[in-house]
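Let me begin by presenting the structure, written as structure tokens, before commenting on it.
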Amino acid sequence: MSASSAEAHGHHYTTTGLDNRKIAIWAFIGSECMLFASLISTYLIYKGKSVVGPFPHTPWTDPSSGKVYPAILNIPVTSASTFVLLMSSLAMVLALAAVENKGKPLPPGSGWWDKALTSSKLWLWMTCLLGAGFLAFQAYEFTSFVHEGLTIRRNLFGSSFFTLTGFHGAHVTAGVIWLGTLLAIDYKRGLQPSDALNVDIAALYWHFVDVVWIAIFTLLYLIPD
Amino acid sequence: MDWLTTTDHKKIGTLYLHTSLFFFVLGGIEAILMRWQLMRPNGTVFTAEQFNQLFTMHGTTMVFLAVMPLSAAFFNYLIPLQIGARDVAFPRLNAFSYWVFVLGGIFITLPIFVWAAPDGGWFGYAPLSGRTYSPGPNMDFWVLGIQILGISSLAASFNFATTVINLRAPGMNMMRMPMFTWMSFVTQFLIILSFPVVTIALVFLQFDRFFGTTFYQISAGADPLLWQHLFWIFGHPEVYILILPAFGLVSEVLPTNSKKPLFGYPVMAYSGILIGFLGFGVWAHHMFAVGMGPIADTVFGLTTMLIAIPTGVKIFNWIFTMWGGSIRFTAAMKFAIALIAMFTIGGISGITHSSPPSDLQQTDTYYIVAHFHYVLFGGAIMGIFAGIYHYFPKMYGRKMNESLGTVHFWLNLIAMNLTFFPMHFSGMLGMPRRIYTYDAGQGWETFNMISTIGAFLLAPATLIFVYNFFRSKKHGEVAGPNPWDAPTLEWSIPSPPPEYNFAKIPMVSSRYPLWDLTHPERTSEIPHTQSGWEDAKHQTGEHDMAPMHIETETKTAKELGIPMPSSTIKPFFVALGIVLMFAGLVFLPKGMHIPAFALMFGGSAMWIGFLYAWLTTPLEDHH
Amino acid sequence: MSHENAHAEHYHPTWKEYKWVALILFLITVVEVAVYYIPGATSHAAFVPSLLIMSAVKFAIVVMYYMHLKYDHKLFRALFTGPLAVAIVTLIGLLFLFSKLAIRLAGRGA
């Protein structure tokens, strides 16, 4: 029988008193900084270097056919999707708080809103749905760009744009799957305050993906050529 | 089966060691074949195409499949032992890293046996490595293979960084860590920060090759320097990834065999950090010849000169460590001293190309080949040999044969200098790198002949080592827990260590905890405190720990009640799934859509399924 | 490594703070997009710097509050800010190396 006091306390000894997984996820996020820096650098380096259109912020007339390609970026749609992703981060922190505070009695006189704040399922659902909403916007954006003549093969802008935003979208997709898994666990056995660390790690990843989008939104969409 | 499912860092370390020694021999054979071709002018042993494959695979093999995983073997084996831990932070991730490495290694190596290997150099310069100029599957293997190996290195780096931060024994604060652990720790951050960059550069190349994107297509307006910049932002930290662990190993061997503490320990640690940090600001010195302009040339020339300072500091500290010590010339010690000498030569020739005008004369000549073989063979490989001779008794409980070790050492040292020293001259006489043959009458014949003789002599040297290695496992002189009278934690436990490493986690009060017990006079000038002990007691009680002691425990983990991670096959299948997924892409340009998609979807399903199974299974059986 | 730090990580902000954080993020985004639509603003010299500052502020707010780095162990701060700094410096370095500025200076030198 193992009767070490470490197990009795439910954890192993660590030098810092912190959990290994949380250190690893921060190291991973540090690594991701370099990943997205490389992608963003390439996009910016190739900005204005495409030899054929369409271009992000300015219309382009094809000299051979005379066809006019409008400026490709759709700022209103992307502003909306940016808003959706920002709100998903809010839902995410509320989900984490709900898991951390699970089981704590509500103070007397609490209204429906205070009660809603205690539901981890609600906020995980919200986060997943908002994340999926962001992906839906991206799917719409990608298909409409392709219809307007911008493919990943078309020019440097297309290659670097679809790769950068596609990488970000893949990160969002992974995050939605991750959060969906947590949600499934919540339905299966209920997430407890002892699970808070698992939710926290997923949340750190999720917010990081949001933060990357904050940079992308400004650098790609709002700053013109 | 036991080896397929193990999560024990020591077993994984041994696996890394054997696999990478195999690849080291393979990379060495490729080198010897090249030297055979270049022995005389107008050599006809190999065609130009075959020669391209040989030098590409020699570089790729030595960097990614030999030196890096040899270092990883020591990370695995030593880091937990040196910091007083029972395993790494994520034992299953560790197994995963190994399996990705070995499967990726097989993937990238197999094509050489049918002369279909990558042929665009280990640096894979785009657009040369793009579909237009490299239409065959050769570079597909390279771009996918390096991507796979990157996954292995990144997974391992998160693991070891976390291990060093979080699994140090009570009292083992940062400034008490053995220097090998310190240098490995810096290395992990170099991997964490540099590999994502090459991952992206490779993604672009993959997309260009497989999906027709335009990242490296000059006709579409692409900049031919993009790949070079991205690659060297990774590539320069990579050379420190190769050398720092070897620096760490000799920093263990030298004090032990000089019977003195390491000279200037804090400066050694800080200069390691500084090398790591500056390593990210020198990348463009690989590109002086492309014409980046005076500002970039000046900045990168200066940072390159700067980085020589912390490296020089290390050289002097090692010399001062030996100064006044009573030196014992074990085989390991000889290799460690050889590292100091050989690396200094390579370091000095390195400084000669930190100045752009001077570099323009040297770039792409054999002078560069001479330089980086002095730092990589003379540095990294010498350090790794020192580490193997030194730590073999810990791994197998027996010493390697010292006489054979001495023969190996001298033959290796002489052969190495015969091979690489003449390259300084052939390079200065203008012999370009990577040419498969050359005309007579340019003054290169003698130097090439000497280089080839040296390379041929490296083969018997390595054979002697391999023989010694395998023979000593069974017949070597039995070593006790601490055959070299060394000062650090890994020597306070039996050789080979039990599966749990430490029956009681040692509570450390100085930098050389074992010498505190055996040779207190050697550590009298080093601060001794019990910092960190209180926190440890506060966390878990003292139950599992004991003040610094020598362990002779031979009980099993079960008898001692130590929870051990259970064996699992899942990391292997996750790794296999990932490699199959990448392998599917190779069939795509051939129009073989059925095997391509079968492998890609099958592989993806495999790794995702096994990853879920892995993450939902607890690490330890709770009995 | 000290006790205070180990315990400090348990403090997380609550709804009271989160709603303000969300509101500020929302408002900054509104301002960013609004500025983009002011006629002539995009060609103003202050346009790009002001957008960069606004997005940096958003970035910092999310990292400090939502990723609770402000309240967490200093180790995590180091693990994030170190790589972020290397990433930003590398990005700026690359942009300089590929910029017209570097090329123009190269021309003058030659």
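Could you tell me whether any residue of region B:254-264 is assigned to a helix (DSSP H, G or I), without any contact (Cβ under 8 Å) to a residue 40 or more places away in the chain and touching a Pro at 6+ places or on another chain (Cβ under 8 Å)? No, region B:254-264 contains no residue that is assigned to a helix (DSSP H, G or I), without any contact (Cβ under 8 Å) to a residue 40 or more places away in the chain and touching a Pro at 6+ places or on another chain (Cβ under 8 Å). As a summary of the residue check, A:E141 satisfies the conditions (1) away from chain B (no Cβ under 14 Å); (2) over 30 Å from A:Y46 (Cα atoms); (3) charged (D, E, K, R) except for the one numbered (2). Exactly one of (1) touching a residue at least 24 places away in the same chain (Cβ under 8 Å); (2) open to solvent by 50 Å² or more (accessible area, probe 1.4 Å); (3) away from chain C (no Cβ under 14 Å) is unmet by A:F157. Its number? All conditions are met except number (2).
The set of residues from region A:84-103 being open to solvent by 10 Å² or more (accessible area, probe 1.4 Å) and either β-branched (V, I, T) or away from chain C (no Cβ under 12 Å) (or both) comprises A:V84, A:K102, A:G103. Using the structure shown, decide if B:L278 is part of a helix (DSSP H, G or I) and open to solvent by 20 Å² or more (accessible area, probe 1.4 Å). Taking the combined requirement at face value, the residue satisfies it.
Here's the yes/no breakdown for (1) crowded, with 22+ Cβ neighbours inside 10 Å; (2) assigned to a helix (DSSP H, G or I):
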position: A:R153; (1), (2): no, no
position: A:L191; (1), (2): yes, no
position: A:N198; (1), (2): no, yes
position: A:D210; (1), (2): yes, yes
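Being surrounded by 13 or more Cβ atoms within 10 Å (Cβ to Cβ), modelled with pLDDT under 95 and part of a loop (DSSP other than H, G, I, E, B) is not true of A:K121.
A quick yes/no check of all residues on (1) more than 26 Å from B:G427 (Cβ to Cβ); (2) open to solvent by less than 40 Å² (accessible area, probe 1.4 Å):
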site	(1), (2)
B:M322	yes, yes
B:F329	yes, no
B:K334	yes, yes
B:L339	no, yes
B:M342	no, yes
B:G347	no, yes
B:T352	no, no
B:Q361	no, no
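Only one of B:T419, B:T406, B:T365 is assigned by TED's automatic domain parsing to the domain that holds B:L33 and in contact with a strand residue (DSSP E or B) (Cβ under 7 Å, 6 or more places away or on another chain). Can you tell me which? That would be B:T365, the only listed residue that is assigned by TED's automatic domain parsing to the domain that holds B:L33 and in contact with a strand residue (DSSP E or B) (Cβ under 7 Å, 6 or more places away or on another chain). Can you confirm whether C:L52 is open to solvent by less than 40 Å² (accessible area, probe 1.4 Å) and facing chain A (nearest Cβ under 9 Å)? Taking the combined requirement at face value, the residue does not satisfy it. Restricting A:S144, A:S89, A:S120 to residues that are under 25 Å from A:F55 (Cβ atoms) and touching a residue at least 12 places away in the same chain (Cβ under 8 Å) narrows the list to A:S144.
With modelled with pLDDT of 95 or more, farther than 30 Å from B:I29 by Cβ and in a helix (DSSP H, G or I) as the only criterion, which of B:P460, B:P571 stands out? On inspection, the qualifying residue turns out to be B:P571.
The listed residues are B:S358, B:S326, and the only one of them that is free of Cβ contacts under 8 Å to residues at least 12 places away in the same chain and of a type in the set (S, T, N, Q) turns out to be B:S358. Does any residue of region B:121-136 turn out to be surrounded by 24 or more Cβ atoms within 10 Å (Cβ to Cβ), assigned by TED's automatic domain parsing to the domain that holds B:K10 and aromatic (F, W, Y)? No, because not a single residue in region B:121-136 is surrounded by 24 or more Cβ atoms within 10 Å (Cβ to Cβ), assigned by TED's automatic domain parsing to the domain that holds B:K10 and aromatic (F, W, Y).
Among the residues making up region A:194-225, those that are farther than 17 Å from A:F167 by Cβ and more than 7 Å from every other protein chain (Cβ to nearest Cβ) are A:S194, A:D195, A:A196, A:L197, A:N198, A:V199, A:D200, A:I201, A:A202, A:A203, A:D225. Within the option set A:I29, A:I75, being closer than 30 Å to B:P170 by Cβ, within 7 Å of another protein chain (Cβ to nearest Cβ) and in contact (Cβ under 8 Å) with a residue 60 or more places away in the chain holds for one residue only, A:I29.
Of all residues in region A:167-189, none satisfies the criterion of being in contact with a Gly (Cβ under 7 Å, 6 or more places away or on another chain) and open to solvent by 50 Å² or more (accessible area, probe 1.4 Å).
Considering only residues in region B:137-165 that are open to solvent by 10 Å² or more (accessible area, probe 1.4 Å) and among the aromatic types (F, W, Y), the one that is farthest from B:A503 (Cα to Cα) turns out to be B:F141. Among residues belonging to region B:514-530 that are in contact with a Lys or Arg (Cβ under 8 Å, 6 or more places away or on another chain) and open to solvent by less than 30 Å² (accessible area, probe 1.4 Å), point out the one that is modelled with the lowest pLDDT. Here the residue is B:I526. For B:E559, the conditions (1) acidic (D, E); (2) in a loop (DSSP other than H, G, I, E, B); (3) surrounded by fewer than 17 Cβ atoms within 10 Å (Cβ to Cβ) all hold with the exception of (2). Among the residues of region B:219-236, some residue qualifies, meaning at least one is away from chain A (no Cβ under 13 Å), crowded, with 23+ Cβ neighbours inside 10 Å and not hydrophobic (A, V, I, L, M, F, W, C). Selection over region B:166-181 of residues that are open to solvent by less than 10 Å² (accessible area, probe 1.4 Å) and part of a helix (DSSP H, G or I) gives a count of 4. Residues of region C:64-95 that are surrounded by fewer than 16 Cβ atoms within 10 Å (Cβ to Cβ) and at pLDDT 90 or above: C:K74, C:R77, C:A78, C:T81, C:A85, C:I88, C:V89, C:I92.
Looking only at residues of region B:1-32 that are farther than 22 Å from B:F469 by Cα and open to solvent by 50 Å² or more (accessible area, probe 1.4 Å), we find that the one that is modelled with the lowest pLDDT is B:M1. Restricting the first member to region C:55-69 and to residues that are facing another protein chain (nearest Cβ under 8 Å), and the second to residues that are in a loop (DSSP other than H, G, I, E, B) and among the basic types (K, R), the beta-carbon pairs closer than 9 Å and six or more apart or on different chains are C:V63/C:K70. Checking A:A139 against (1) open to solvent by 30 Å² or more (accessible area, probe 1.4 Å); (2) touching a strand residue (DSSP E or B) at 6+ places or on another chain (Cβ under 8 Å), which single condition isn't satisfied? If we test A:A139 against (1) open to solvent by 30 Å² or more (accessible area, probe 1.4 Å); (2) touching a strand residue (DSSP E or B) at 6+ places or on another chain (Cβ under 8 Å), just (2) comes out false. Can we say A:V68 is more than 23 Å from A:A136 (Cα to Cα), open to solvent by 40 Å² or more (accessible area, probe 1.4 Å), more than 9 Å from every other protein chain (Cβ to nearest Cβ) and modelled with pLDDT under 95? Yes, satisfied. Taking region B:356-450 and the helices (runs of 4 or more DSSP H) fully enclosed by it, the elements with 3 or more residues that are of a type in the set (G, A, S) are at B:382-396, B:402-428.
Whenever a residue of region B:23-49 is farther than 17 Å from B:D439 by Cβ, its partners that are open to solvent by 40 Å² or more (accessible area, probe 1.4 Å) and among the β-branched types (V, I, T), lying with C-beta atoms within less than 9 angstrom and at least six residues away or across chains, give the pairs B:V25/B:V466; B:L33/B:V45; B:R35/B:I453; B:W36/B:V45.
The values are calculated or read from the model by the stated rules, or taken from the named source; none is laboratory data. Worth saying up front: this structure is predicted, and the values here are computed from it rather than measured. With ideal geometry, Cβ positions are generated from the backbone for all residues, glycine too; neighbour counts draw on all protein chains shown. SASA here: full protein model, heavy atoms, side chains in, ligands and nucleic acids out. Shrake-Rupley method; radii C 1.70, N 1.55, O 1.52, S 1.80 Å.
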